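The values are calculated or read from the model by the stated rules, or taken from the named source; none is laboratory data. Fair warning: this is a prediction, and the values are worked out from it, not measured in the lab. In this analysis, Cβ positions are derived from the backbone assuming ideal geometry, glycine residues included, and neighbour counts consider all displayed protein chains. SASA here: full protein model, heavy atoms, side chains in, ligands and nucleic acids out. Shrake-Rupley method; radii C 1.70, N 1.55, O 1.52, S 1.80 Å.
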Amino acid sequence: VTQQAGQVWYPDSAYKTAQAIKDFNREDLPLIIFANWRGFSGGMRDMYGEILKYGSYIVDALVEYKQPVFVYIPPFGELRGGAWVVVDPKINPDVMEMFADKDSRGGVLEPEGTVIVQFKQRDIVQTMKRIDARYQELFNTIEDENTANESRRQMQSELRHREALLTPAYHMISKKFADLHDTPQRMLAKGVISEILDWSTAREYFYWKVKRRTLEFAIKRKLKTANPALNNGQMQEMLRRWFVEAKGPVHNYLWDNNSAVVEWLSDGDEMNIVNENIRVIEKDAKLLAIDSIVEGNEDMSLEAVIALLQKMGTRHHAEVKKLLETVSNDITQEPEA
């Protein structure tokens, strides 16, 4: 039996994670990832075990995912290093969202690592020179040419002692400052998470969120079938506009309320209106496709009209004839330029 540290992905656990994600995708299920990892194991044995390859399998599985994916950093959990990279919502922004508990932490580097890289001992000494009065006094006296050699040696010894005394406090403060960059509030301000959650209400929140996203995805699939040119942003904006039209502009703030949107998406009468809108979009898309095919080619236009007439029922022929006569009259009546 090989002992493995917690909160760390090893080659076997990374492979199992990727396989689990693929299985969920195959079953067409939404996915919630409770992200509490500090990264991937980077030992020599793990490199021989192809940790990088199996880590990339997680990215591949999320790229291919077709249902909603929610990444949630739980209370007192943390998401660091390569673990953040492989579950970042930017991998598949159309289906992925990230959330963090108010007591969680997230960032590529841990505070200790950030301090080691960004706030080295020489930076701590420069800070002491700037803000510690006793250190400034000792340093200025040592630098003074009029100071006796014996006094200078004593002050240099005292200066080194003061550095040793202050360094732990300065290091602790710098770690706290670095930790402030990893708080959920900072993550939200930088746009890397969608919302800050509280553990006591997280279950209810995700119940409505998953239900909402599942219903939205079902409508988006219909929209994509009706018009393949639509992207996710356009389809989301259509849903928002239809919701506001149904509820009225005064209640447009309810779009951010998951339970209100679920109620709207579950209403049979409202969905009849949505389905009618989708049929209109499908018709417009097909008409646009026909127009783009025959545009600038009169011979093809004529052949297309003949082919369409042959496929129409006889009851439509009279309507087409009347329409063509109307169009012809409108053209002949237009004044010459």
**Q.** Count of segment 18-35 residues which are touching a Leu at 6+ places or on another chain (Cβ under 7 Å) and either open to solvent by 40 Å² or more (accessible area, probe 1.4 Å) or free of Cβ contacts under 8 Å to residues at least 24 places away in the same chain (or both)
**A.** 1
Q. Is it true that ASN92 is among the polar types (S, T, N, Q) and open to solvent by 80 Å² or more (accessible area, probe 1.4 Å)?
A. no
Q) From the residues in segment 78-116 that are assigned to a loop (DSSP other than H, G, I, E, B) and under 29 Å from ARG26 (Cα atoms), which one is nearest to the chain's Cα centre (by Cα)? A) PRO93
Q) Which of the residues that make up segment 45-64 are open to solvent by 80 Å² or more (accessible area, probe 1.4 Å), in a loop (DSSP other than H, G, I, E, B) and modelled with pLDDT under 95? A) GLU50
Q: Scan (1) closer than 30 Å to ASN36 by Cβ; (2) assigned to a helix (DSSP H, G or I) for the single condition ASN140 breaks and write down its number.
A: (1)
Q: Considering every residue within segment 29-44, establish whether at least one is basic (Lys, Arg) and outside any loop (DSSP other than H, G, I, E, B).
A: no
(Q) For the structure I just gave you, tell me whether LEU180 is of a type outside the set (Asp, Glu) and open to solvent by less than 70 Å² (accessible area, probe 1.4 Å). (A) no
Q. Given (1) of a type in the set (Val, Ile, Thr); (2) buried (at least 16 other Cβ atoms within 10 Å of the Cβ); (3) modelled with pLDDT of 90 or more, where does ILE142 come up short, assuming only one miss?
A. (3)
**Q.** Residue check, LYS102 open to solvent by 50 Å² or more (accessible area, probe 1.4 Å) and under 15 Å from PRO184 (Cβ atoms)
**A.** yes
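Yes/no matrix, rows are residues, columns are (1) under 30 Å from VAL280 (Cα atoms); (2) buried (at least 17 other Cβ atoms within 10 Å of the Cβ); (3) in contact (Cβ under 8 Å) with a residue 12 or more places away in the chain; (4) in contact with a helix residue (DSSP H, G or I) (Cβ under 8 Å, 6 or more places away or on another chain):
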site	(1), (2), (3), (4)
THR147	no, no, no, yes
GLN154	no, no, no, no
LYS176	no, no, yes, yes
MET187	no, yes, yes, no
GLU195	no, no, yes, yes
ASN231	yes, no, no, no
GLU245	yes, no, no, no
Q) Pairs under 8 Å by beta carbon, first residue on the phi < 0 side of the Ramachandran plot and basic (Lys, Arg) in segment 49-73, partner at pLDDT 95 or above and open to solvent by less than 10 Å² (accessible area, probe 1.4 Å), six or more apart or different chains? A) none
